[in-house]
Ligand code: FUL
């Protein structure tokens, strides 16, 4: 449909607006709001706060990137305790642990059938250790989901004389998984692929990870490469097909179609994080490059990319950063971000329509270090206390515009994110929430029913009742899955939500008022 924007301008919409084959702004908006999350993307978004764990030979060398020449014997955690990771993560409010099963150095934290460069060659637990197995069991115990980071870059396979990376091997038909004597798979499925040695190796390992550790909910493909060799290419689409078959519930993140990198590693968030993003080609042909521009999803940007032959895609952002300076534990001089900073990122990311993936690197014992634990305990305490009670409970809501049947304003107060308010006409408009008595709060939460109606709100403001009038306390951009506004603590008996700019008719699923208790200095 969207081929080339013939630059005809539709004067109707104020400023010049390009039309493509007669498609005006309204028709474009209809296309944009029709884009919805896949259920696996929605389930991932609802996790909100997740835990990244970087652990491996780098932990024992005190480096960020290994070189592939590491002796597996250096991997010797003295007191590996994945229960502690999961307990701390759960108590901080996290719902998934994403683990570096293999980082760029190529050392595997599970005893892969396909390389000796793994925990099986370490004296740790006499070569019988399996960090991923311990972690999977702990995740089950603490009710957390599990994700895996499998680095496409692999320095061991580059540097080792018999390494498979970029070895010039032919692409030919191969069966995944390759049988290994004495180590059969319980899962009988096989895949016929067209691959060279390294892609076969990679898919054999994906098969191990996705069939032998219980359900995997996120697969993370990093784009970084400390080194390349032999023009090695990755057969991504075969990898994705295997993941869809073996782990249909898993989102494929970063170099993949389901979750996009926020574009930085410092925890910065865009003021307007749209989840409907134009990409340069249909998903099957797109290579998911990093997207670091400030504007990824405005209507202007969408028009531009569609005009060049692009398509629309539900592509929500994940904000990733580390609690420490660096991704791996180095020593106890390493800076640890204080709880205020983690909470600030949490509010901007979870409350800015993204998922927050916070890295917590275990130390050489194989435990989260005490300083990190203290920060996470404080973060968990603040989040629990703040969001324990919705202070909008018992309120009533009204809007001057008539509502669609069954979508009255009261729906934003029913605690059910699957119901919503939807008026019969477009923004601008106001929604007034009357509290049963004056209440004190400093956090305002808004959610859109993205599963049913996509992402629409582009700008809104919130006013609180003062004396006989209103005072604006928050103004912001998009809502999407969730927007949290932090405001000065105050008391009022009424709140007004003004939808200032919206793609089509606005809709809100949930509204909440909360009080973050004052913190000790
Ligand atoms: C980067 C990697 O190079 C880092 O080591 C780390 O894993 C980070 C999350 O992604 O691209």
Among the residues of the range 271-289, which ones are within 19 Å of residue 44 (Cβ to Cβ) and out of contact with any helix residue (DSSP H, G or I) (no Cβ under 6 Å at 6 or more places or on another chain)?
273, 274, 275, 277, 279, 283, 288
Every pair of residues 6+ apart whose Cβ atoms lie under 7 Å, when the first sits in the range 363-379 and is without any contact (Cβ under 8 Å) to a residue 60 or more places away in the chain and in the same structural domain as residue 76 (by TED's automatic domain parsing) while the second is in a loop (DSSP other than H, G, I, E, B) and surrounded by fewer than 18 Cβ atoms within 10 Å (Cβ to Cβ)
369/332; 375/338
Just name the residue that is surrounded by the fewest Cβ atoms within 10 Å (Cβ to Cβ) out of those in the range 338-364 that are closer than 16 Å to residue 326 by Cα and touching a helix residue (DSSP H, G or I) at 6+ places or on another chain (Cβ under 8 Å).
338
Got a sec? Which of 267, 263, 366, 326 is within 16 Å of the ligand (Cβ to nearest atom) and closer than 24 Å to residue 135 by Cα?
326
Scanning the range 81-91 for residues that are surrounded by fewer than 24 Cβ atoms within 10 Å (Cβ to Cβ) and touching a residue at least 60 places away in the same chain (Cβ under 8 Å), the one nearest to residue 165 (Cα to Cα) turns out to be 81
Residues being away from the ligand (no atom under 14 Å from the Cβ) and surrounded by 16 or more Cβ atoms within 10 Å (Cβ to Cβ) - total across the range 220-233
2
One residue from 121, 138 being more than 19 Å from residue 367 (Cα to Cα) and in contact with a helix residue (DSSP H, G or I) (Cβ under 7 Å, 6 or more places away or on another chain)
121
Just checking, does the range 187-203 include any residue being touching a strand residue (DSSP E or B) at 6+ places or on another chain (Cβ under 7 Å), closer than 22 Å to residue 130 by Cβ, at pLDDT 95 or above and within 16 Å of the ligand (Cβ to nearest atom)?
no
Considering 99, 52, which residue is over 21 Å from residue 207 (Cβ atoms) and either surrounded by 20 or more Cβ atoms within 10 Å (Cβ to Cβ) or away from the ligand (no atom under 16 Å from the Cβ) (or both)?
52
With a cut-off of at least 3 residues that are within 21 Å of residue 326 (Cβ to Cβ), name the helices (runs of 4 or more DSSP H) lying wholly within the range 38-109.
57-61, 82-92
Which pairs have Cβ atoms under 7 Å, sit 6 or more apart or on different chains, and link a residue in the range 403-422 that is under 10 Å from residue 511 (Cβ atoms) to one that is modelled with pLDDT of 95 or more and part of a helix (DSSP H, G or I)?
421/409; 421/411; 421/412
First in the range 51-79 and at negative phi, second anywhere and away from the ligand (no atom under 14 Å from the Cβ) and at pLDDT below 95, Cβ under 8 Å, 6 or more apart
none
In the range 288-331, residues that are part of a strand (DSSP E or B) and more than 17 Å from the chain's Cα centre (by Cα) total 3
Considering only the range 207-217, how many residues are closer than 8 Å to residue 146 by Cβ and crowded, with 20+ Cβ neighbours inside 10 Å?
3
The listed residue being in the same structural domain as residue 80 (by TED's automatic domain parsing), surrounded by fewer than 22 Cβ atoms within 10 Å (Cβ to Cβ) and within 16 Å of the ligand (Cβ to nearest atom), out of 111, 152, 123
152
Members of the range 247-260 found to be assigned to a loop (DSSP other than H, G, I, E, B), within 16 Å of the ligand (Cβ to nearest atom) and free of Cβ contacts under 8 Å to residues at least 40 places away in the same chain, listed by number
256
Being surrounded by fewer than 18 Cβ atoms within 10 Å (Cβ to Cβ), over 28 Å from residue 457 (Cβ atoms) and without any contact (Cβ under 8 Å) to a residue 24 or more places away in the chain: is that true of residue 244 here?
yes
In the range 295-323, what residues are within 30 Å of residue 376 (Cα to Cα) and either within 16 Å of the ligand (Cβ to nearest atom) or surrounded by fewer than 19 Cβ atoms within 10 Å (Cβ to Cβ) (or both)?
317, 318, 319, 320, 321, 322, 323
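The values are calculated or read from the model by the stated rules, or taken from the named source; none is laboratory data. Quick caveat, the model's predicted, so the values are computed rather than measured. All Cβ positions, glycine included, derive from the backbone under ideal geometry; neighbour counts span all protein chains shown.
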